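Following: one structure in structure tokens, then a few remarks.
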Amino acid sequence: MNPTEIFDLTFALKVVLWVEAIVYLGIGIVEIFDDFFRKLPSWTKLNGKLNAYLFMEDKMQHKFHAAICFFLGFIALNGIIEGAVSRFEIELLFIGLALIMMLLWMILPPGRLALLMMLTKPETYLSVIMFVLFSDLIRAEIFYLCLGLNIWGLIVYFLNTRKNINPYTYKRFHDDVVEAGIPKSRIKAMDKMAGFKDI
């Protein structure tokens, strides 16, 4: 596509855009306006009281997530309403998904929980579909940028994440989750998915 060309939506692209609009715009809207009913993570409390610094850190991370989701969902919804997308809009969707995938690669947990995490993230499927079906709509440099971001995520995982968390085992991960004060129900669910039994 050239910079001014408009691509009429195909059925496959409509499905992808609807999924992105529903999932990301939905998450984005909820997370932007959830300040008065969202339950704070247990790790934001130290010594029985809310830690101001951890509260601010959690708020920043949560709203960053909301902003990215809203951004992706808005682009998708705009494409649905217009019935067509520009090259720039498609490229923004590619880059947005690549940035999310980069993060997911970087924080893969140990053991089979890593595979389950990737299989339960919509970004995994959306990224594969976009690369397989719509790579021809974007510039080669954007394609390689997105590929590079994914590769960078894997490099960080193998040479940084795994190095800093030593030993890189689910037992270590489980013990750290317990120490962080995560609710027991959530720990139990993660342990079950990982096939881990705490002795």
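The values are calculated or read from the model by the stated rules, or taken from the named source; none is laboratory data. No experiment lies behind these values; they were computed from the predicted model shown. Cβ: placed from backbone, ideal geometry, glycine included. Neighbour counts: every protein chain shown.
Of the helices (runs of 4 or more DSSP H) that lie entirely inside the stretch 133-199, those containing 2 or more residues that are under 26 Å from LYS45 (Cα atoms) span 170-179, 184-194. If the condition is being without any contact (Cβ under 8 Å) to a residue 60 or more places away in the chain and either part of a helix (DSSP H, G or I) or at positive phi (or both), then the stretch 34-47 contributes THR44, ASN47. Being surrounded by 19 or more Cβ atoms within 10 Å (Cβ to Cβ), within 18 Å of the chain's Cα centre (by Cα) and closer than 30 Å to ASN164 by Cα is the requirement here; does ALA98 meet it? For ALA98, the condition - surrounded by 19 or more Cβ atoms within 10 Å (Cβ to Cβ), within 18 Å of the chain's Cα centre (by Cα) and closer than 30 Å to ASN164 by Cα - is met.
When you scan the stretch 157-186, how many residues do you find that are basic (Lys, Arg), surrounded by 13 or more Cβ atoms within 10 Å (Cβ to Cβ) and within 20 Å of the chain's Cα centre (by Cα)?
If we filter the stretch 157-186 for residues that are basic (Lys, Arg), which is where we start, we get 162-163, 171-172, 184, 186.
Okay, now just the ones that are also surrounded by 13 or more Cβ atoms within 10 Å (Cβ to Cβ), so 162, 171-172.
From what is left, the residues that are within 20 Å of the chain's Cα centre (by Cα) are 162.
The total comes to 1.
Flag not set for ILE142, criterion: closer than 20 Å to TRP18 by Cβ and under 20 Å from the mean Cα position of the chain (by Cα). For the condition hydroxyl-bearing (Ser, Thr, Tyr) and buried (at least 18 other Cβ atoms within 10 Å of the Cβ), SER127 qualifies. Counting residues in the stretch 147-156 that are over 26 Å from ILE27 (Cβ atoms) and crowded, with 17+ Cβ neighbours inside 10 Å gives zero. Contact map, the stretch 59-71: residues that are under 18 Å from LEU97 (Cα atoms) and in contact (Cβ under 8 Å) with a residue 24 or more places away in the chain paired with residues that are of a type in the set (A, V, I, L, M) and buried (at least 16 other Cβ atoms within 10 Å of the Cβ), Cβ distance under 6 Å, separation 6+ or inter-chain. Pairs shown: CYS69/ILE27.
Could you tell me whether any residue of the stretch 25-33 is at positive phi and loosely packed, with under 14 Cβ neighbours inside 10 Å? Looking for residues that are at positive phi and loosely packed, with under 14 Cβ neighbours inside 10 Å, one finds none in the stretch 25-33, hence no. Of the numbered criteria (1) at pLDDT below 95; (2) surrounded by fewer than 12 Cβ atoms within 10 Å (Cβ to Cβ), the one LEU137 fails is (2).
Does LEU46 meet the test of being aliphatic (A, V, I, L, M) and modelled with pLDDT under 95? The answer is yes for LEU46. Residue check: is MET106 surrounded by fewer than 17 Cβ atoms within 10 Å (Cβ to Cβ), touching a Phe, Trp or Tyr at 6+ places or on another chain (Cβ under 6 Å) and within 30 Å of ILE187 (Cβ to Cβ)? The answer is yes for MET106. The set of residues in the stretch 116-130 that are touching a residue at least 24 places away in the same chain (Cβ under 8 Å) and over 13 Å from the mean Cα position of the chain (by Cα) comprises LEU116, ILE129, MET130.
Just one of the listed residues (LEU92, LEU113) is in contact (Cβ under 8 Å) with a residue 40 or more places away in the chain and surrounded by 14 or more Cβ atoms within 10 Å (Cβ to Cβ), namely LEU113.
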